[in-house]
Structures are given as structure tokens and as C-alpha cells.
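*Asks:* Please see the structure below; I have some questions.
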Amino acid sequence: MILFVKLLLAHLLGDFVLQPNSWVADKEDKKIESIYLYKHIAIHGLLIFLIVAQSDFWWCALVLAISHGAIDALKLYLQNQKTKRIWFILDQLLHLAVIGGICLLWYKVDFTKYEIDNRFWIYATAVLLMTTPASIVIKNIISIWTPNENGAKEADLQNAGKYIGILERLFVFFFVATGNLTSIGFLMAAKSIFRFGDLTQSKDRKLTEYVLIGTLISFGTAIGTGFLVQYALTLL
């Protein structure tokens, strides 16, 4: 575990703290011909070696540095202005996957000793339910109260509202699953504060009621699912 933390620290330092914006711009412009790409790779390798501080880890540091450069080069050639955000996320996920793989290799983890128990399937089903399925169900339930809005505004906010709903349900579900019920109140209060201005400035009472109904159903779904999961676990 501590090895992963050290490698993650080296990654964060190398990718975010010790990489100026001018380096990023030069790499995007010149790609593998940029000298800063290779400086970036060297810094990563050096940070890993210094932070882990084990002489026999040198080959892992080399593998991590080279793989980091290869992933960055792949991103530089495949991304464009429209896909920059997506490739940034994929780039970071690939780096984390390589770090995790090196940790497993270093500790010689034997996966044959591990098996997925029934708790995994219960949690996996509940988490999936809290995402798109719950969004579709809630949208259909409150569709009869959908206020009339400008089409462009609706298109702009539709996806944002969906992802906000998914995140809030996941938070509430895990609060219930971990027995941290008081945090649900803080989350609901925080959302109320952010929405207060929109709702008080709106002259459309229907919009206010629509938002409140949607929020209560969303929170209720997450809370109910959390308690159902807790009950299901007692039956195992």
C-alpha cells in the first residue's frame, strides 16, 4: 500500500507540480520532438527512485518513466481540441493503472488466493442502480411536472443535471452504507444553498416544486437503496 502512495506522490509531483504550462504547450506543439517531453520523463524516473529509495527498485522506476512517456506521446498524437478533456482523463487513468500494475508485480500478488464474495455483487448492483438507471426512472416519474423552458437552456443543463444527480445519489448511498448518516444533512444543506438563488429568483413556482420533488426522490432512492444493501448483507 505504501509503495502505491509513494508512486502516486511522485506522479502528482512530476505531472502537476514540476511541469510548467510552457512545457505542456511545447509538447503539444512539437510532440515527440519536444525536449520537454524527455525532461518530463527523466523527472518522473528520478522522483520515483528518490521517493521509493530502494536501490533494487531502479528497473521499476525505469519502466514507469518510459511507460509514462509513451502514454503522454500517445495522448499528444491522438487528442485534439474537442477531445482534450477525454484524453486528459484517459491519460491519468492509464498512469494509475501502470502504477497499480507495478505495485502488484513488485509484491508478487497471487490473485488465485482471492475470490469475489457475494458482498461485491450487492454493492456493484446498488452502485449501478444509483447511476443511469435511477436517472431514467426519476426523470420518468417527474416528467409530468417538467416545466416549460427554453430549448437551448434545457440542452445546456440536461447532462449537467444528470451527472449532479448521479454524484449526489452515490454520495448519499455510501454515507448510508458506512453509517455516516449525519453527512447526508450536510450534503442536502449544501445543495439547498447552491440552488437557493435560482429558486428565489425564479418566478415560476412550478420550477421550484419540480426541483424539490426531483431532489427528494433522488435522495430517497439513495437512502432506501443504502438501507436495502445493509439488510441484504445481514442475510449473507
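The values are calculated or read from the model by the stated rules, or taken from the named source; none is laboratory data. Owing to the predicted nature of the structure, the values given are computational and were not obtained by experimental measurement. Here Cβ is always computed from backbone atoms with ideal geometry, including for glycine, and neighbour counts include all displayed protein chains. When the accessible area is computed, the model is the full protein with side chains, heavy atoms only, and any ligands, DNA or RNA have been set aside. Shrake-Rupley method; radii C 1.70, N 1.55, O 1.52, S 1.80 Å.
*Asks:* Give me the pairs, please: first residue somewhere in the range 214-225 and over 18 Å from Val127 (Cβ atoms), second residue anywhere and open to solvent by 40 Å² or more (accessible area, probe 1.4 Å) and of a type in the set (Lys, Arg), beta-carbon distance under 9 Å, and either six or more positions apart or on two chains.
*Replies:* Listed pairs, sorted by first residue: Gly214/Lys139; Thr215/Lys191; Thr215/Arg195.
*Asks:* Given the conditions (1) in contact with an Asp or Glu (Cβ under 6 Å, 6 or more places away or on another chain); (2) open to solvent by 80 Å² or more (accessible area, probe 1.4 Å), and given that Lys30 satisfies all but one, which numbered condition is not satisfied?
*Replies:* (1)
*Asks:* Continuing with this model, one more query. Could you check how many residues of the range 207-224 are open to solvent by 20 Å² or more (accessible area, probe 1.4 Å) and modelled with pLDDT of 90 or more?
*Replies:* 5
*Asks:* I need the full set of residues from the range 10-42 which are under 15 Å from Gly69 (Cα atoms), out of contact with any helix residue (DSSP H, G or I) (no Cβ under 7 Å at 6 or more places or on another chain) and either basic (Lys, Arg) or not in a helix (DSSP H, G or I) (or both), in order please.
*Replies:* Selection gives Lys30, Lys39.
*Asks:* While we're looking at this one, here's another question. State which residue is most open to solvent (accessible area, probe 1.4 Å) when the search covers only the range 69-91 and only residues that are under 19 Å from Gly45 (Cα atoms) and either in contact (Cβ under 8 Å) with a residue 40 or more places away in the chain or over 22 Å from the mean Cα position of the chain (by Cα) (or both).
*Replies:* Among those residues, the one meeting the criterion is Ala70.
*Asks:* Go through the range 70-175 and tell me which helices (runs of 4 or more DSSP H), entirely inside it, have 2 or more residues that are touching a His at 6+ places or on another chain (Cβ under 8 Å) and at pLDDT below 95.
*Replies:* none
*Asks:* Mind checking which residues of the range 33-52 are of a type in the set (Ser, Thr, Tyr) and open to solvent by 30 Å² or more (accessible area, probe 1.4 Å)?
*Replies:* Tyr36, Tyr38
*Asks:* Report, ordered by the first and then the second residue, all pairs with beta carbons closer than 7 Å, sequence separation of six or more or different chains, a first member in the range 16-28 that is of a type outside the set (Lys, Arg), and a second member that is surrounded by 14 or more Cβ atoms within 10 Å (Cβ to Cβ) and at pLDDT 95 or above.
*Replies:* Every condition considered, the pairs that remain are Leu18/Ile43; Gln19/His40; Trp23/Tyr36; Trp23/His40; Asp26/Ser34; Asp26/Tyr36; Glu28/Leu76.
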